[in-house]
Each structure stands twice: as structure tokens, then as C-alpha cells.
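Working notes, beginning with the structure itself.
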Amino acid sequence: MAFNDFFAGEIAMELLKRLIAISRKSCLCKSSADNLISSIQVLLPIIDEIKYSGVELPALRQSQLDRFSETLRGGLELARKVLASSRWNVYKNLQLARKMEKLEKQVERFVSGPMQAHLLADVHHMRFETAERFDRLEGRLEQRLSSMKIGAGGWVEEAVKRMEVEDEASVGIVGGVGLDLAKNNVKKLVIGRDDLNVVGIWGIGGSGKTTLANEICRDNQVRSYFNNRILFLTVSQSPDLAQLRERIWGFITGNEAMGYSNNSFVPPGKVQCEWGTGPRTLVVLDDVWSSSVLEQLIFKIPSYKTLVVSRFKFPTKVVGEVYQVQLLRDDESMSLFCHSAFGQKSIPPTANETLIVNECKGLPLALKVIGASLRDQPEMYWVSAKKRLTRGEPICESHENKLLERMAISVDYLNKKVKECFLDLGSFPEDKKIPLDVLINMWVESHGIDEEDAFAILVELSDKNLLTLVKDARSGDAYSSYHEIYVTQHDVLRDLALHLSNHPDVNERKRLLMPRRDTELPRDWGRNTDRPFNAQIVSVHTGEMREMDWYRMEFPKAEVLILNFASNEYFLPPFMDDMPKLRALIIINYNTTEATLLNFSVFTNLTNLRSLWLEKVLVPELSNTTAPLRNLRKLSTVLCKVNNSFNPSVLDLPQIFPRLTELVIDHCDDLVKLPVSICRVNSLQSLSITNCHRLSELPAGFGLLKELQILRLYACLELKVLPPSIGELIWLKYLGISQCVNLRSLPREIGRLASLEIIDMRECPQIVNLPSPVMLLNLKSLRRVICDDEVSGDWKNVKRGMQHLHVQVAEKWYSLDWLHD
């Protein structure tokens, strides 16, 4: 890094201060000063990134930065002269005003020219290397873990692994010549044609477009060509364009790696950016539905390429070349169907299922879903399926038009309760990951089942290819639990769930759902407000909502309400007053910043609410009058601002939540201290505080939580000590402190935790010594410890006196040394 780089930021900051003074004092120079203020405020973050990156710039770009530093120095001297000039010296002031205009044009050319992209591209090299480490440090939405859930977590984990194996096997079965040919054709467009900035994969729903795109992203030759700089984004029918553009631009420039974003940096769409050659980058845009949306997501920059995956063929002026996905040949169709239905590549000698395979018309998704639904079913099920497929022979040969009718067969054969749970999946926005915890809670509250049954249903739907279980990509280690697992669903399957849920009479639907995001509520809802709606599940997906935007509706039977939106402000629906049976409320904001919730007083009537999930909102101040949630069992706050809600002067948690058993606080970066009153929530059994980097201490009276069984403190970076009273948690079974990088030691009182079964203390580099072995030998129930290699020897010494103890050394996935650079 050159000497000039270091002082560019200081010069710009000093110039900014003087320009603000000029704007207040000088009439002739005010306009130029205001424009310069705006430009320099945009440049300051860029200069800071260069300054602190430690990256050596190429000579040409370094000389550009040096020249700009000289321009800033000249501007600083000019600003001094403007401030020193007498207001009565009109001639001199006019000369200075012209010089200010000249300076304004110089800075403006710098901002709008090539320099910004060059600098950010160079900074990216360092930032991209830290991205994976930072993401893992931020990662893992771990909410709770009890004995039952540890078992359930393993159960679901096996299902995830099984699905991964199944997917690989499916790709292998239909791969052969067909997939290799498709991959080679697309690779030629992606890495063999420098003249193409935008290329596409085109095919009907369920034809394997996304599978092919994923294979391209995993291909070693493609990854090497782009040096692993590949971003995969799902666009969907109702995209948040601003957020997508920000993510793409952040990935191109390197800002995304550290979570930095600023809309002012994102250039307008449909522009050709002549910025020279930067690092090769591939962005894959999956599930694109319109040309107008696509054009807003394309940045035509040399060495940057976009791969578009869509059901629609876009004009060549937008997408240069397109590969059309071919449906499976007869032999490939039979192999894939047999793999899903029989677990082998060929049809068994006793079976003759050619009719079913033919009816799927070579569509991979239909073959997988129908095959999985018929697997292990008695012969009569197969006979019935053949007859129904025969009766459903389409008039035209369009797969798109008849796919839902064919795939409905797979759902019809499900157990009634399992089918109801499948239909619930239509309640969530398309192409969004559904937190597993949200789905399980929803099923428990709406179907009257326990968590074990909910997990069994989840695994069954996964085994039948009706949903997909995926891990949070940030977790990536061998010790992930089900808390890091999300549910996704192919949009054709979601369409099927919506199709089967749409009762002709909107007031009689069991699920009242918005199929995709809209600016207003569906009009047929408004036309039927004269009668009560009998829906048990209500799902809304909008942007900002004001009081006047809501219909006055009655929901006497509603048990689950899901509010999906993307805005900075959101007025909670007044009809919540007319939901006397509401048991689960899910509020998720998909905006880039936290939203302010208005009309929070509606909570006063939610006397039966048992589960509340808040995501990316400003949690209002809680008090006895605004939130007497007497029956609430579980409260989850994710990516929220919670400091105001936890005001200790007005907050009496046991009074507001007298029956709370689970509290989850995740990625709430303003949480510094827990309210002292939490120690009096006698019903609390599980407390999970994860990725709350500013949490510095736990209350001294923490040991009063006598019923607590699960304590998870993950990635609380400023937490340095655990209170000695933790030894009073006599029923504690699980203690997780992984990635608490400043935690100095385990308290000696830990030896009093006679019920403790598992300790997870990965990546706690400050803990180099354990309490005395005499104290640790009192942990009679301890059966598993996950730790770093540095302390594994101490634990293995303890193991000599505890033969049932298993010490698991965590694999080092990254180093934390960069935090101290």
C-alpha cells in the first residue's frame, strides 16, 4: 500500500468539514460545495477500504489514486482560501467560485469514471478470502437442543445426508451422455465465448434446469476458470430487485464479504460499464420470470458473465445465446423412475410400469415425485395410479399445463395428516428457505401433533421428494444440528400445494394464502368480508402496509398467521383482534433493514398465542399493557433490534411471559446485557443466544433458572466470563459456548452440573485450561465433549475416570488470527 493511500482518507475528511462550513457561509460557492459534499461522502468508504485492506494496488491504479490525492490536497487549500476570503471582495469570490466548479467537475469525473470499480475489484481479493471465515463466524441458527431434539436432530441430519446421496445418484442415473452433452454445451457458452456477457438455460418447470446450472457451478473446469468467484441467486416471480442488485454488485466489488452495502454504490441497470478487465466472475440467476426484471440485474462488465435460468426464452438482445434443456429419453426416464420407485436403475422382472413412465413425458421432477410416492406401496395402489393417469391424458401435449394434475397423484396417496402438512408449505414465499424451527412449530400448533411426529412427517415428505432439506451453507462442519437445516421446495411443488388448497369459496378455504408478493391484498378477499373466513392458516405477502391497506376481516378459526413483507415500516393487521384462537404468529421481513412494527397493541387480545417468531424487525418496548402474552411458550427474535424491548426499567419478563419455556435470540447485534428479570422466568427450559456479538455478560443471578435444560451461547464474541451461579442449574443437559472467542475459562462451579450431558466448546481459543479434574469428575452424566485440540488432552485425562465420556476434537475450518490484524 502506497504512502499516499493512508492519508487520502484524512484529507478527504478534512476537506469535507471545510466544505460544510463553506456551504453555510458562501452563497457563490454553496452549490459546488453541496455537490462536492455528496461526492466525497460516497468516496470515503471506498478510500477506507483501500486504506485498511493491506492490498498492494497495480502501478497504473496506484498512480490514479495518487493523482486524486493531489486533487484533494488542492481542494483543501482552495477551501481554506474560500473560508478566508472577505465577503466584500466580489471579484476574488467569483474567481474562487469558478475554481470550486472546476474542482467539482474533477471529483465528479473520478466518481463516475473507472476508478471506483478498479479499486473495489482489487480490494475484493482480500475480502473474498475472508468471506467464508466471516460467514462461519456469523453462522448457524442454533436454537435449542434437548435429549429428544438431539435424537430428532440426528434423524433429520440423516434425512439430509440421504437426500444428498439420492440427488447425486439421480444425477448419475440421468447423467450419462445426456447430462454430459448438456454440460459441455453450456460450458462452451460460459467459458468458451468471451463475446457473450449473458447466456441462458431454458426449459419448462421440472425439466432439470436448476440441476444443470448447479452442475455447471460445481464443475472443476468452470470453478477454476472463475477462480471460485461464482454467485448463485434465485430471482422468482416477485423479486426484491433492489436487494438482488445490491447483492450482485456487492459480490462483483467484494463488499458482500464483510456485509457492507450501500445503494449509492450500485450503478443504474441497463448500462455498459467500460471499466477494463477485473477478476472473472460468474453470477447465476435462477428462476427468472420477466425480461424487464432480468435487464435490471445485468451489469455488462468485461470478464463478468451472467448465466440466466428460466422457463422463458428471452430475446437475443438480452440473452446472447441459450441452451434448451431436453427432456429425458425413454431409457433415462425409466432409469430415473425405477431409482425413485424401486431403488434400482432397472425395472424389476415382476413389474411393468411403462404406462406410468410414459405419462410423465420425460419430465425429471414428475418421474422422481410420482416414483417416490409409489415406492413400497401395495399392488392396488399401482393399479389405481395407472388408471388415474390414463384418465388424465392431456388433450394437448404441454407438460406445463398438465403437470399439476399428474403430480397430484403423489399427494393423494399420502396419509391425511402428512398431506395436510405438505399443503401447509404453500404458506411460505416462493424460493425462500423456511427455517425448520418455524415449520415444526407451525405443524405442532395447527395440527395438534407433538414434535416427534412433526419430525417424522418432515422426513417422510423429504423421502418422497416433496420438499428438500438443506443445511445453512455457513455451517459446513461435522457437528451441525437440525437447527441449521432449512426446508426448500421446488416452485412446481409449491404451485401444487397452492392448487390443492384453493377451495372455490374463499371464505371456506382451510388455508387463505397469497401465492406471491403483491402491493395489496387479493381483491376476492375484500369482496367477501361480509362473512367470516374459516381459514386455520392465513398467509400474507406484501410490501409496506398501512392501516388503510387492510380489510376488516374476521377469522374465528385461525390458528396460524404468517406475515411476510419487505419494508421499513409495517402496520400490523387490525383483524388480529378477531383471531381468538391464534396459536402461532410468524412475522418475517425480507427487507435489507429492520422494520418498525406499528399497531403492536393488537397483541393484547392474543391470549392463546403460544409461539411467536420475529425476524428483522425493531421489537417494540414490552410492558404488561402492550404484551400480556400469558400463554406464550416460545419466543424467537432473529436479526432484530431488541435493546428497547429489553429495557430493564419497565420489563418484568416473568409477569409478561409467565409460561415461557424457550427463548431464542439470534443475530441481534444491539443486545449488550440480558434483563435481570430473566432470572425469575421459572418456566424457562431452553435459552439460545447466538451470533449476538455485543453480549458482554450474563446476569449474576443466572442460577435461579432452575428448570433450564439447554443453554446455547454461540458466537457471542464479547462474552468473557460465565457467572459462578451457573453451577446452580441442576437440570442443565446441554451447554454450548462455541465461537465465544473471548471467553477466558469454564467456571469451577461447572462441576456441580450433575445432569450435564454435552459440552460444545469449539473455537474458544482463550480457554487453555480446565477446572481441576476433581471438579470435572463430578459430571456423572457427561457423555460428550466437543472441543479444540488445545484442550482435548485435558479432557482425555478426565476421560480416564469417566469411561462413558466421548471427547470429539473439532476440525479447524479456519483461523481467527485475522481478527487481530
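The values are calculated or read from the model by the stated rules, or taken from the named source; none is laboratory data. Predicted, not measured: the structure shown is a model, and the values here were computed from it. Backbone-built Cβ (ideal geometry, glycine too); neighbour counts: all protein chains shown. What goes into the accessible areas is simple: the full protein's heavy atoms, side chains included, and nothing from ligands, DNA or RNA. Shrake-Rupley method; radii C 1.70, N 1.55, O 1.52, S 1.80 Å.
Flag not set for Glu104, criterion: modelled with pLDDT of 75 or more, part of a helix (DSSP H, G or I), of a type outside the set (A, V, I, L, M, F, W, C) and farther than 30 Å from Gly250 by Cβ. Scanning the stretch 274-297 turns up no residue that is at pLDDT below 80, within 25 Å of Arg517 (Cα to Cα), open to solvent by less than 30 Å² (accessible area, probe 1.4 Å) and not hydroxyl-bearing (Ser, Thr, Tyr). Selection of the stretch 431-470 for residues being charged (D, E, K, R), under 15 Å from Val418 (Cα atoms) and not in a helix (DSSP H, G or I) yields Asp450, Lys464. Listed by first and then second residue, the pairs with beta-carbon distance under 8 Å, at least 6 apart or on different chains, first residue in the stretch 319-339 and of a type in the set (S, T, N, Q), second surrounded by fewer than 20 Cβ atoms within 10 Å (Cβ to Cβ) and modelled with pLDDT of 80 or more, are Gln324/Trp202. Looking at this structure, is Val42 surrounded by 14 or more Cβ atoms within 10 Å (Cβ to Cβ) and at pLDDT 80 or above? Considered against the rule, which asks whether it is surrounded by 14 or more Cβ atoms within 10 Å (Cβ to Cβ) and at pLDDT 80 or above, Val42 comes out as no. Quick check: is even one residue across the stretch 661-680 within 31 Å of the chain's Cα centre (by Cα), more than 17 Å from Val619 (Cα to Cα) and not β-branched (Val, Ile, Thr)? Yes, some residue in the stretch 661-680 is within 31 Å of the chain's Cα centre (by Cα), more than 17 Å from Val619 (Cα to Cα) and not β-branched (Val, Ile, Thr). Mind checking whether some residue in the stretch 160-180 is under 28 Å from Met334 (Cβ atoms), in contact with a helix residue (DSSP H, G or I) (Cβ under 6 Å, 6 or more places away or on another chain) and at pLDDT 75 or above? Checked the stretch 160-180: no residue is under 28 Å from Met334 (Cβ atoms), in contact with a helix residue (DSSP H, G or I) (Cβ under 6 Å, 6 or more places away or on another chain) and at pLDDT 75 or above.
Among the residues making up the stretch 574-593, those that are surrounded by 19 or more Cβ atoms within 10 Å (Cβ to Cβ) and not aromatic (Phe, Trp, Tyr) are Met576, Met579, Leu582, Arg583, Ala584, Leu585, Ile586, Ile587, Ile588, Asn589, Asn591.
For the stretch 510-525, residues that are open to solvent by 50 Å² or more (accessible area, probe 1.4 Å), closer than 19 Å to Leu563 by Cβ and not in a loop (DSSP other than H, G, I, E, B) total 1.
Residues satisfying the criterion are absent from the stretch 659-666 (criterion: charged (D, E, K, R) and assigned by the TED database to the domain that holds Val785).
Of all the listed residues (Asn502, Asn534, Asn507, Asn528), the sole one being over 26 Å from the mean Cα position of the chain (by Cα), free of Cβ contacts under 8 Å to residues at least 40 places away in the same chain, open to solvent by less than 10 Å² (accessible area, probe 1.4 Å) and farther than 28 Å from Val619 by Cα is Asn507.
Checking Glu757, Glu749, Glu707, Glu728 one by one, the residue that is touching a residue at least 60 places away in the same chain (Cβ under 8 Å) and surrounded by fewer than 21 Cβ atoms within 10 Å (Cβ to Cβ) is Glu757 and no other.
Checking each residue in the stretch 305-317 for being open to solvent by 10 Å² or more (accessible area, probe 1.4 Å) and in contact (Cβ under 8 Å) with a residue 40 or more places away in the chain picks out Lys305, Arg311, Phe312, Lys313, Phe314. All of Ser224, Ser236 fail the test of being polar (S, T, N, Q) and buried (at least 20 other Cβ atoms within 10 Å of the Cβ), apart from Ser236.
Each row is one residue, and each column tells you yes or no for (1) within 24 Å of Leu294 (Cα to Cα); (2) at pLDDT below 90.
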| residue | (1), (2) |
| --- | --- |
| Lys183 | yes, yes |
| Val198 | yes, no |
| Ile201 | yes, no |
| Tyr225 | no, no |
